[in-house]
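The values are calculated or read from the model by the stated rules, or taken from the named source; none is laboratory data. Please read all numbers here as calculations on a predicted model, not as lab measurements. Neighbour counts are summed over all protein chains in view; Cβ atoms, including those assigned to glycine, are modelled from backbone coordinates with ideal geometry. Calculation scope for accessible area: heavy atoms of the full protein, side chains included, ligands and nucleic acids excluded. Shrake-Rupley method; radii C 1.70, N 1.55, O 1.52, S 1.80 Å.
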Amino acid sequence: MKLRKKRLAVMAAAAVLALCQIPSLHQMAEVRAEIRQEQPAAPVQLHGALQVKGANLMDEKGEALRLCGMSTHGINWFPEYVNYEAFRTLRDDWKVNCIRLAMYTDEYNGYCSGGNQEELKKLVKNGVQYATDLGMYVIIDWHVLHDQDPNVHKKEAISFFQEMSSLYQDQKNVIYEICNEPNGSATWDGVKRYAEEVIPVIRANDPDGVIIVGTPVWSQEIGQALASPLQYDNLLYALHFYAGTHTDWLRERVETCASQGLPIFVSEFGTCDASGSGGNQFDESQKWMELLERYHISCCAWNLANKAETSSVISAGCQKLSGWSEADLSESGKWLRNYFRQAGK
Ligand code: IDC
């Protein structure tokens, strides 16, 4: 009997000890929350497929969503920055949710001017894959610039977007930007005619895919799109600004068009002047950001490269292709990272 009592006492003590070591349900919930905090859900997992309602880009649940991200430089010129770790750095350190893959159509061995089309498409596909693996939104940008009028390479654009949209019809994160910046002789009527041929090709594969359409005068003439919009759903019109060149007068145009319901996407902007160089104008850039925030307008900054120009976000001397510290960034890079980090909170 004595022995039995002793054994019982030992067992009870062991049970108490064991209980002390087992984390309570509350503690376990805390641990799970900590793990979740360390690995926040990726943007696409959180927001799902995109849609455009009125002037707003929205997520799958119908909540306004602002995409903020970085545009590559021309992938024909700086292909090395299209890499998984670079995009991961941008997602995790810069807190951006979107990457724009800029593929020049004309200059720098562009897609329609002697560039290796298969290699360029491979780069785009790799870029989309990295963004997809990281749960980021990704814009496929047909980067019309020196060619001025998107109709110049319309045939190539149609077959390019036919292929891309058939590849990505089931993905929630791919956005098609069908002409970066019509300029020179390109008119809004001409851009509309081009869009009316390219959009149905995309829509035949990807009926709900979000599409961005550039506007004349280097994507500044959004007023013309407001006056004569395209008749498709899930469309946004591109407005581009460079803070050293485009100031109050262009902000007023954005305000007018956005308040009248035009869906706008700033698929490219810079903190310097329109040449991509010159001094940074951070006060003007700040004014732009306040306006974009007020109207929930998405934006991608130009450019992810280490070219010796103000708009490149990596310092000219830095050879790293990912994992940049603040010291590796140019002045515009530091400002943009800072902005995105606070906007992405
Ligand atoms: C610039 C690049 C620069 C390149 C130049 C010409 O920053 O390195 O030499 O193109 O091809 C745009 C264009 C974008 C321009 C940028 C700055 O979309 O391609 O990049 N810019 O000039 N629109 C307004 C400014």
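How many residues, within region 98-124, are open to solvent by less than 60 Å² (accessible area, probe 1.4 Å) and either part of a helix (DSSP H, G or I) or under 14 Å from Phe78 (Cβ atoms) (or both)?
So the answer is 13.
Do you know which of the residues in region 194-236 that are within 16 Å of the ligand (Cβ to nearest atom) and in contact with a Phe, Trp or Tyr (Cβ under 7 Å, 6 or more places away or on another chain) is nearest to Asp59 (Cα to Cα)?
Per the criteria, the residue is Ile212.
Taking only region 313-324 into account, find how many residues are hydrophobic (A, V, I, L, M, F, W, C) and surrounded by fewer than 18 Cβ atoms within 10 Å (Cβ to Cβ).
3
Given the criteria open to solvent by 10 Å² or more (accessible area, probe 1.4 Å), away from the ligand (no atom under 16 Å from the Cβ) and either more than 14 Å from the chain's Cα centre (by Cα) or in contact (Cβ under 8 Å) with a residue 60 or more places away in the chain (or both), does Asn83 qualify?
The answer is yes for Asn83.
Among (1) open to solvent by 30 Å² or more (accessible area, probe 1.4 Å); (2) touching a residue at least 60 places away in the same chain (Cβ under 8 Å), where does Glu156 come up short?
It is condition (2) that Glu156 fails.
Before we move on, is Ala274 over 20 Å from Glu290 (Cβ atoms) and either open to solvent by 10 Å² or more (accessible area, probe 1.4 Å) or within 21 Å of the chain's Cα centre (by Cα) (or both)?
So Ala274 passes the test.
Restrict the check to region 247-255 and report whether at least one residue is aromatic (Phe, Trp, Tyr) and surrounded by 15 or more Cβ atoms within 10 Å (Cβ to Cβ).
No, the conditions are met nowhere in region 247-255.
Taking Lys192 and the conditions (1) in contact (Cβ under 8 Å) with a residue 24 or more places away in the chain; (2) more than 20 Å from the chain's Cα centre (by Cα); (3) within 27 Å of Gly127 (Cβ to Cβ); (4) part of a helix (DSSP H, G or I), which numbered condition does it fall short on, given that it satisfies the others?
(3)
Which residues, counting only those in region 195-223, are in contact with a strand residue (DSSP E or B) (Cβ under 9 Å, 6 or more places away or on another chain) and assigned to a helix (DSSP H, G or I)?
Answer for region 195-223, where residues must be in contact with a strand residue (DSSP E or B) (Cβ under 9 Å, 6 or more places away or on another chain) and assigned to a helix (DSSP H, G or I): Ala195, Val198, Ile199, Ile202, Arg203, Trp218, Ser219, Ile222.
Can you go through Gln129, Gln148 and tell me which one is without any contact (Cβ under 8 Å) to a residue 40 or more places away in the chain and either buried (at least 16 other Cβ atoms within 10 Å of the Cβ) or touching a Lys or Arg at 6+ places or on another chain (Cβ under 7 Å) (or both)?
On inspection, the qualifying residue turns out to be Gln148.
Run down Ser312, Ser332 and say which single residue is part of a helix (DSSP H, G or I), of a type outside the set (Lys, Arg) and within 14 Å of the ligand (Cβ to nearest atom).
Step by step, each of Ser312, Ser332 is checked, and only Ser332 is part of a helix (DSSP H, G or I), of a type outside the set (Lys, Arg) and within 14 Å of the ligand (Cβ to nearest atom).
Of Gly278, Gly270, which residue is within 16 Å of the ligand (Cβ to nearest atom), of a type in the set (Gly, Ala, Ser) and out of contact with any helix residue (DSSP H, G or I) (no Cβ under 8 Å at 6 or more places or on another chain)?
Unique residue meeting the criteria: Gly278.
Condition first: in a strand (DSSP E or B) and either of a type in the set (D, E, K, R) or surrounded by fewer than 20 Cβ atoms within 10 Å (Cβ to Cβ) (or both). Now tell me which residues in region 62-80 satisfy that.
Hit for region 62-80 is Ala64, nothing else.
Might you check whether a residue that is part of a helix (DSSP H, G or I) and either more than 20 Å from the chain's Cα centre (by Cα) or of a type in the set (A, V, I, L, M, F, W, C) (or both) occurs anywhere in region 167-179?
yes
Report whether or not Leu292 is part of a loop (DSSP other than H, G, I, E, B) and either more than 16 Å from the ligand (Cβ to nearest atom) or more than 18 Å from the chain's Cα centre (by Cα) (or both).
Criteria not met by Leu292.
Could you tell me which residue of region 86-97 is nearest to Ser267 (Cα to Cα), considering only residues that are open to solvent by 10 Å² or more (accessible area, probe 1.4 Å) and in a helix (DSSP H, G or I)?
Ranking the qualifying residues of region 86-97, first place goes to Arg91.
To keep it simple, each residue is scored yes or no on (1) open to solvent by less than 10 Å² (accessible area, probe 1.4 Å); (2) of a type outside the set (Phe, Trp, Tyr); (3) touching a residue at least 40 places away in the same chain (Cβ under 8 Å).
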| site | (1), (2), (3) |
| --- | --- |
| Ile297 | yes, yes, yes |
| Ser311 | yes, yes, yes |
| Ala327 | no, yes, no |
| Lys345 | no, yes, yes |
